[in-house]
């Protein structure tokens, strides 16, 4: 396999086995160009022992590259000349600073305990997490370890060593990781039968819909004039009716009745005009299919409605609105299906219904009956000869007559004057002649009534003389009673009429109509295009999410099987699920990122390439989990507290690692990566064998915690390298080779340059 | 030792009756030998022991038959129930139409439907008059057509022939109903047709859409007929012989546009073919609506000759029906035979003749 | 003569059939591969004529057609609807409905021929239509219903698979359950898309049956949920406005296709009926009535006269005057009486 790959947080892994030097060099250049590992500058090269010379050009390229400041070469294969004791044959290209060469004589290695000179089968080494070579490479991919190995190589003759390792992997095994991934992928995708998200959470226009619609209507526009006319006329009519109801009622205030009547009719007409204007515009403008410029112009000119698109709602802004909400929802643990359904609902809700659909609301707000009552007011029903009035007039005038001349006739005359005034103030239709005609007759009859009463009173007074005090009392009672009667009689009639007219509800209807207009102007006209675009965009995004969900589910089924064993949840599993789910969410969001750009510029197929991107990211992530564990942050993921918690949980119960870390001797039992027969080629001198102990940083807290490990727990661990990342902890020892183990050689095709 | 028929028939009222099969009139019961029809052995002379118990004797007589005397000797031997004299005057139903019109199929399909209990919903009980002949009819006509989907041969040209007779019992009593196949043509040739016509109580006019509407079935792969026909000789002869023209005939008639399956995708046939039966209820209004549509369809196709019965019979209904439900392919009906609405014309006739009593019946064929 | 059995032959086979107007046709055709439509006896395949015309053939295998005559019912229904539509629209045949090319149902292996399908089943694009396309779809769908209603046809089996969409117009296919308005309904318990009455199979088919089902199709097309509920609660305002009353339990309460088109601001134009023959038919019906009236002269019947309207009691002006006079007299009387009383006491 020849390939270049950037792993985890930036060690470039180059595998030159089976590759010719030319293409491999080309590949290195390619890799250098394409990968963003400038920050790290580390290259881990895996090569065949037999190829080292031929690949000189590659190493040369790495050495001279400004992007690379550290190269660790892992040379795999039996020694080039076992009988002569020579192990490697190479150009001296990598014996400078910043480089190290590790010879792996046998990928499986051999269990070797230097102290006891004991050799065991590699499987016999306890707690070794996996195949020795793979473990070695994984460990070297941890940047901290990489750097330390390069540093240590400086102490080795020729910067060459044979590595030995003992590595403990976190407690999360491959099966658990696979299951966690499957669960996480399914959780992120969700299922088609789950309920959709509340559209309010996703609606990109929610804030707009709650905006102030009244800013849409221009003052002194046609609509506004008509609105003011309707309300004003109603108000005026109400005032006039109230005026004829005034303290002295008909006697003092107000217009003649005919004018009041006209005012009421005018109010009805104004209200009808206003409603008609709205009805017409509602039907004609509609806005369901968007508004063109002509319609907007017309709205502005004829109705005085500003139907401009609100600010911050153009394509890019809308895209951001949608993206923010979708990212928040997915990042917040909502499944793709749920978000998709929610978006669908948003799309449906956003579709403008058009003002035509709301015409019926106008008739509900301001029913025909309201207008009709004003346009053709009910007759003012003042019953001129109500029995109780007749009785009261007779009675009072009688009493006044009893009080003595000329009180009775005067009261009768006064009464008649009051009635006459009221007759004039009676609201009547302009074209209603006969009703007015009956006024004088009725007034005369009232005069007759009063005089009759007065006459009877006078006659009775003549028969029965009343003392003066009594007379005064009688007169006062009669006069005040009649004043009260007139007032009550009149105001009751006016009240009845007012109630029948329903002027106040009419004014309220005008206001409600205006509210409806402004609301419609905003929601259906001003927002028409925005809503349409929002509807289409959210629908498209929903479709993209559907594709993503399908791709995720397919991948989970394909890679992890259709059914996932569900073990009872431990705290470890919970933490692991949290971390992995969050990572999958982030991967999904990253895969979706280009879709937002497409949406912003209005490209048709948002989902182009999505499935491929998602597949790549998931494959990377799977590899990441296998190599580095869940505790290490993949490049696309957010930082999260859960990850640290997970690491802690993982290492909390790892006595094996603790034992390794607390043992400062390089001579313990490890897997030495060479054949048992080749141990003789190594020089395990005490001072020369380098030991490197490392563990994930997260575990530092666990192992140095003095409360559980006793005082000085940290002391043993002073030299331990706390790596920033990783699922791996353990020890690495670098055993130098015999002095003449490395031969210098030049490639057969070498030109003069190499020999300079 | 068995008693003679004469003694056996003792005590039965004798009455002059008309035989629904040969249409002769004679006193009944009369004859020498009592017969009994048995499922397996066919018709057997009935031996009744002397001194048989009176109740048993009556029970035997209920199912016993006598040979019809057939004074005019123009009909093969046939038998009538001993109790025939107690029934009402037979109703003779003539099926009028050309040989190709599908009369035989229509009648066979009707009898098959009746046999399946198609008249039961109308409260009618049906028995054969002459069990032997009925069984023969079922065996020779109904079964080949209905069960095996075979085309059955039509009756000969210019022949009026007896087909089958049934005793139909309703609340109004038992009435023999005989079906005759009237081929039309030259009815004057034999003496029998005139007698038939004298006694005919109801007519079913069968219209063939092939001739009347120029609608040939797909399965009918014969060459198209040479000339468009504007008259139906069978209809004409029967109607003229009954004296139509001067005034309305008082013979109830039903005009059946047969082979309506050919038109089943055409309006208004497509509508009527899916109407469900109305569960044994006579619905004069619906009959009238269907009649109107049949009339209009024939009218639309200028098939005025086939509308004569409606114009000349006072009570006349028109119907869509299909005896076979499909077209034959050669001598077979490849998809089987599924009669459609074949009983409706008969039910209308039974209503118009009072066999099915009721006020709704009285309204059938009337405005 | 069973020509379809020669389907596998390379050489073209003869195919005789009747077109919807009753004309016999004979084509030399090549058959495409056949496909079973799940759940029904009807199979289909494409048929290419020598003239280069490609149509869809739907047929029931001979063995099945003979053994189970009811298995041909879907074909019968399709032909019935197809002939009716052809009779109504003739040359102006609408694109919204799959067109019947011909049929022969009286052979051992009954078949019918349809114009080729357009587009894809709506189920496949459900939830993906943009607003403009969605509206176009709705207009086209309800327009197709208008056309069906015009021909008095009830599709009775509208689903997201029976309705197809090509981005411009719908195509209504699969008239297997089609009925004519007034046919007794056939119970369709299994169909979640049918109206309650249809599922129960009560009453007679009416155009409103299709309105319900079309409402379900629209819901599916909009929401993308394959199991739409006939419920508008929580739906967007546009949809609520469009489908108002579409899911009324009583068919009479549901809007007609024309109403729905008006709600969509779409025209409800219909091609004029070719009425020459229809006229003769209508005339025949009138003649029938006339002849029947002549046969049965009407007997005079007593017409019921409407009850005369009672005059409403209203107080006349004169009566008011009388009342006033009476009051005056009484008042005077009272006054006199009081005067006498007081006078008496003095």
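Before moving on, here are some points about what is shown:
- Residue list for region C:247-281, filter: within 9 Å of chain B (Cβ to nearest Cβ) and either at pLDDT 90 or above or surrounded by 14 or more Cβ atoms within 10 Å (Cβ to Cβ) (or both): C:278, C:280, C:281
- Scanning region A:467-501 for residues that are under 60 Å from the mean Cα position of the chain (by Cα) and touching a residue at least 60 places away in the same chain (Cβ under 8 Å) returns A:494, A:495, A:496, A:497, A:498, A:500, A:501.
- Qualifying residue in region A:314-328 (condition: in contact with a helix residue (DSSP H, G or I) (Cβ under 7 Å, 6 or more places away or on another chain), more than 14 Å from chain C (Cβ to nearest Cβ), surrounded by fewer than 22 Cβ atoms within 10 Å (Cβ to Cβ) and under 30 Å from residue A:513 (Cα atoms)): no
- Unique match (being out of contact with any helix residue (DSSP H, G or I) (no Cβ under 9 Å at 6 or more places or on another chain) and within 28 Å of residue C:242 (Cα to Cα)) among C:124, C:78, C:96, C:63: C:124
- Of all the listed residues (B:270, B:293, B:250, B:329), the sole one being within 9 Å of another protein chain (Cβ to nearest Cβ) and out of contact with any helix residue (DSSP H, G or I) (no Cβ under 8 Å at 6 or more places or on another chain) is B:329.
- Residue A:105 passes every criterion in (1) modelled with pLDDT under 85; (2) in contact with a strand residue (DSSP E or B) (Cβ under 8 Å, 6 or more places away or on another chain) apart from (1).
- Residue selection: residue C:127 satisfies the criterion of being within 14 Å of chain A (Cβ to nearest Cβ) and either in contact with a strand residue (DSSP E or B) (Cβ under 7 Å, 6 or more places away or on another chain) or crowded, with 20+ Cβ neighbours inside 10 Å (or both).
To keep it simple, each residue is scored yes or no on (1) part of a loop (DSSP other than H, G, I, E, B); (2) modelled with pLDDT of 90 or more; (3) under 19 Å from the mean Cα position of the chain (by Cα).
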| position | (1), (2), (3) |
| --- | --- |
| A:524 | no, no, no |
| A:531 | no, no, yes |
| A:549 | no, yes, yes |
| A:564 | yes, no, no |
| A:587 | no, yes, yes |
| A:619 | no, no, no |
| A:630 | yes, no, no |
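- Annotation for region A:408-431: at least one member residue is within 12 Å of chain C (Cβ to nearest Cβ), in a helix (DSSP H, G or I) and touching a residue at least 12 places away in the same chain (Cβ under 8 Å).
- Taken over region B:345-367, the residue count meeting the criterion of being away from chain C (no Cβ under 14 Å) and either without any contact (Cβ under 8 Å) to a residue 60 or more places away in the chain or closer than 30 Å to residue C:59 by Cβ (or both) is 1.
- Residue selected from region A:700-720 under the condition in a helix (DSSP H, G or I) and modelled with pLDDT of 70 or more, by the criterion farthest from residue A:660 (Cα to Cα): A:701
- Within region A:447-480, considering residues that are within 30 Å of residue A:258 (Cβ to Cβ) and at the interface with another protein chain (Cβ under 10 Å from one of its Cβ atoms), the one surrounded by the fewest Cβ atoms within 10 Å (Cβ to Cβ): A:448
- Restricting attention to region A:649-673, the residues being in a helix (DSSP H, G or I), at pLDDT 80 or above and touching a strand residue (DSSP E or B) at 6+ places or on another chain (Cβ under 6 Å) number 3.
- Annotation: of all residues in region C:172-202 being crowded, with 23+ Cβ neighbours inside 10 Å and not in a loop (DSSP other than H, G, I, E, B), the one that is nearest to the other protein chains (Cβ to nearest Cβ) is C:179.
- Checking each residue in region B:297-313 for being at the interface with chain C (Cβ under 9 Å from one of its Cβ atoms) and more than 22 Å from residue B:349 (Cβ to Cβ) picks out B:299, B:300, B:301, B:302.
- Among the residues making up region C:104-135, those that are assigned by TED's automatic domain parsing to the domain that holds residue C:170 and without any contact (Cβ under 8 Å) to a residue 24 or more places away in the chain are C:124, C:130, C:131, C:132.
- Qualifying residue in region C:224-231 (condition: modelled with pLDDT of 85 or more and part of a helix (DSSP H, G or I)): no
- When residues of region B:120-137 are limited to those that are in a helix (DSSP H, G or I) and out of contact with any helix residue (DSSP H, G or I) (no Cβ under 7 Å at 6 or more places or on another chain), the one nearest to residue B:169 (Cα to Cα): B:120
Residue-by-condition table, conditions (1) more than 7 Å from chain B (Cβ to nearest Cβ); (2) in contact (Cβ under 8 Å) with a residue 24 or more places away in the chain; (3) not in a helix (DSSP H, G or I):
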{"residue": "C:80", "(1), (2), (3)": "no, yes, no"}
{"residue": "C:85", "(1), (2), (3)": "yes, yes, no"}
{"residue": "C:90", "(1), (2), (3)": "yes, yes, no"}
{"residue": "C:102", "(1), (2), (3)": "yes, yes, yes"}
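The values are calculated or read from the model by the stated rules, or taken from the named source; none is laboratory data. Owing to the predicted nature of the structure, the values given are computational and were not obtained by experimental measurement. Counting neighbours? That spans all protein chains shown, and the Cβs are built from the backbone with ideal geometry, glycine included.
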